[in-house]
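Right, one structure below, let's go through it.
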């Protein structure tokens, strides 16, 4: 009987110890150490497309008021100079940008009402002359902001001053000036310029050569297209 009581007691003690072991939760495992990649992958870079090339060819049309000028013609066998009337005309230009801001091209123009403001002769004043200038154009543009530039230009060429019923005068002509060039869209531009035009024309009458020239303050107001 005593042995049976001892056996029962040991069994109860064993069962109690097992129950207490089940009630205790096992400790959580230690977190794994973070692994740092010594060679992280490079962040992808979004590459912007290259800017479109600037147009090199430009064609323009300008209105040309000519004022504050001097007109010289032979009158009565003498070379006579006087103030010139306000003349007006139009010019066409085509130029190609060769390097940086330097452009080279052509700029023919026609001018009307080439005449004296007050005719200095004693006879009736002849009708106004017409001047045709065949010019080259050399220009350099200095950019100020992305859409505005300042330019300087030289326009040397050959000129013909014609008068109805009379011998035409001809000779060298040159215009020097500068102005503002404004980009309105990717291909459309406008320009405003001012300068001075000097003519060295002459005419031969009865074997004698006389100066027959016009010189003006020149304004150019126009625009055009770039390609």
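The values are calculated or read from the model by the stated rules, or taken from the named source; none is laboratory data. Only a predicted model underlies this, so the values are computations on that prediction, with no experimental measurement involved. Heads up, the Cβs are rebuilt from the backbone with ideal geometry, glycines too, and the neighbour counts pull from every protein chain shown.
Filtering the stretch 194-203 down to residues that are without any contact (Cβ under 8 Å) to a residue 60 or more places away in the chain and surrounded by 18 or more Cβ atoms within 10 Å (Cβ to Cβ), which residue is nearest to residue 94 (Cα to Cα)? First the steps, then the outcome.
Looking only at the stretch 194-203, we keep the residues that are without any contact (Cβ under 8 Å) to a residue 60 or more places away in the chain, and these are 194-196, 198, 200-202.
Going one step further and asking which of them are surrounded by 18 or more Cβ atoms within 10 Å (Cβ to Cβ), we end up with 195, 201-202.
Working: 195: 19, 201: 25, 202: 28 Å.
Residue satisfying both the conditions and the ranking: 195.
Are any of the residues in the stretch 160-171 at pLDDT 95 or above, surrounded by 15 or more Cβ atoms within 10 Å (Cβ to Cβ) and within 14 Å of residue 191 (Cβ to Cβ)? No, the stretch 160-171 has no match at all.
Report yes if residue 185 is free of Cβ contacts under 8 Å to residues at least 24 places away in the same chain, part of a loop (DSSP other than H, G, I, E, B) and surrounded by fewer than 15 Cβ atoms within 10 Å (Cβ to Cβ), otherwise no. Show your work before the answer.
Working: free of Cβ contacts under 8 Å to residues at least 24 places away in the same chain: yes; part of a loop (DSSP other than H, G, I, E, B): yes; surrounded by fewer than 15 Cβ atoms within 10 Å (Cβ to Cβ): yes.
Against the criterion (free of Cβ contacts under 8 Å to residues at least 24 places away in the same chain, part of a loop (DSSP other than H, G, I, E, B) and surrounded by fewer than 15 Cβ atoms within 10 Å (Cβ to Cβ)), residue 185 qualifies.
So, residue 152, is that one modelled with pLDDT of 95 or more and under 19 Å from residue 88 (Cα atoms) or not? When the stated conditions are applied, residue 152 does not pass them.
Select, from 152, 180, 174, the only residue that is within 12 Å of the chain's Cα centre (by Cα), within 18 Å of residue 196 (Cα to Cα) and either touching a residue at least 12 places away in the same chain (Cβ under 8 Å) or assigned to a strand (DSSP E or B) (or both).
180
Go through the stretch 82-97 residue by residue and tally those that are touching a residue at least 40 places away in the same chain (Cβ under 8 Å) and either under 14 Å from the mean Cα position of the chain (by Cα) or over 30 Å from residue 227 (Cβ atoms) (or both).
Quick first cut of the stretch 82-97, residues touching a residue at least 40 places away in the same chain (Cβ under 8 Å) only: 84-85, 87, 89, 91, 93, 95-97.
In the following step, the residues that additionally are either under 14 Å from the mean Cα position of the chain (by Cα) or over 30 Å from residue 227 (Cβ atoms) (or both) were identified as 84-85, 87, 95-97.
Summing the residues that are touching a residue at least 40 places away in the same chain (Cβ under 8 Å) and either under 14 Å from the mean Cα position of the chain (by Cα) or over 30 Å from residue 227 (Cβ atoms) (or both) in the stretch 82-97 gives 6.
Looking only at residues in the stretch 98-117 that are farther than 19 Å from residue 178 by Cβ and assigned to a loop (DSSP other than H, G, I, E, B), the one that is farthest from the chain's Cα centre (by Cα) is 117.
For residue 206, the stated conditions do not hold, so it cannot be described as without any contact (Cβ under 8 Å) to a residue 60 or more places away in the chain, surrounded by 15 or more Cβ atoms within 10 Å (Cβ to Cβ) and over 14 Å from the mean Cα position of the chain (by Cα). For the stretch 118-132, a tally of residues being in a loop (DSSP other than H, G, I, E, B) and more than 15 Å from residue 82 (Cβ to Cβ) returns 2.
Quick one: which residue in 148, 111, 132 is farther than 17 Å from residue 212 by Cβ and either touching a strand residue (DSSP E or B) at 6+ places or on another chain (Cβ under 6 Å) or surrounded by fewer than 18 Cβ atoms within 10 Å (Cβ to Cβ) (or both)? First the steps, then the outcome.
Details: 111 fails: farther than 17 Å from residue 212 by Cβ; 132 fails: farther than 17 Å from residue 212 by Cβ.
Checking each option against the conditions leaves just 148.
Here residue 165 fulfils each of the conditions (1) closer than 25 Å to residue 225 by Cβ; (2) outside any strand (DSSP E or B) apart from (1).
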